[in-house]
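What follows is one structure encoded as structure tokens, with my remarks underneath.
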Amino acid sequence: MEAVSSENSHSQDDIQRMFEAAQEIAASLMNTSGKPTYDNLLMSIQFMNILKQTEATPLYNLAQTVIHKYVLDPIDEEFEVAPVQVDDAYPKYDIYNKDGSVKLTIDFTEVDESSLTLRLSGNGESAQASVRFIDSSKERFEIDKDLGASFLASCKVAIQKHLS
């Protein structure tokens, strides 16, 4: 949605549309008691993620597999950090320190229809790995030549340095 300039804006109409949109969102989160609930918000977020996964491309599914199995799960086993998923074209997570003031981001950038760049960034840290399909059926893949071991090591060093 593009912002309307104040020169072309009909402020009463804009305000009315804004309240109607807010009311629509609140109504979608209501339960039988007529109040928006946190559980309904979580359910709608989970539903959006499920829809995204069912309509996903092989590259998106590869990104999901890599970020969970080869990055977040090993980090979760070693550190007490909670990654927060950020809505993006490919899986993206912000990882914060305990007081929430420092964060690192792990995300993907599409290179072409069969490869991605996996990145760690934030707080002066930078690491990346190449993730790509290695067969035409898009079932086998590689994360650099070491199955992401050097990228994971960089992530662990950065988390230890900035978030622990």
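No lab work stands behind these numbers, since they all come straight from the coordinates. Note that the coordinates shown come from a computational prediction; the quantities given were computed from them, not determined experimentally. Positions of Cβ are generated from backbone atoms using ideal geometry, with glycine treated the same way; all protein chains shown enter the neighbour counts.
Quick notes on this structure:
- The gain in end-to-end length when the N123 to N97 segment is fully stretched comes to 8.2 nm, 0.36 nm per residue minus the alpha carbon separation.
- Phi angles of the range 101-111 translate, via the Karplus equation with coefficients 6.51, -1.76, 1.60 and θ = phi - 60°, into HN-Hα couplings of 8, 10, 9, 10, 10, 10, 8, 10, 10, 6, 9 Hz per residue; Gly and Pro are given as x.
- Inverse of mean 1/r across different Cα pairs in the range 69-145, Kirkwood, Å: 13.7
- Amide H to amide H, with H built 1.01 Å from N, F141 comes under 5 Å of I134, counting only residues 5 or more places away or on other chains.
- The alpha carbons of the range 72-117 stretch over 38, 21, 13 Å along the principal axes, in descending order.
- Considering only L62, S137, V102, the residue lying farthest towards the positive end of the dipole of the range 53-152 is S137, judged by Cα position with unit charges set on Cβ.
- For the residue pairs K69/K145; K138/K161; K98/K138; K98/K145, the alpha carbons lie more than 27 Å apart in K138/K161; K98/K138; K98/K145.
- Centroid-to-centroid separation of the range 70-89 and the range 115-144 [C-alpha atoms, Å]: 16
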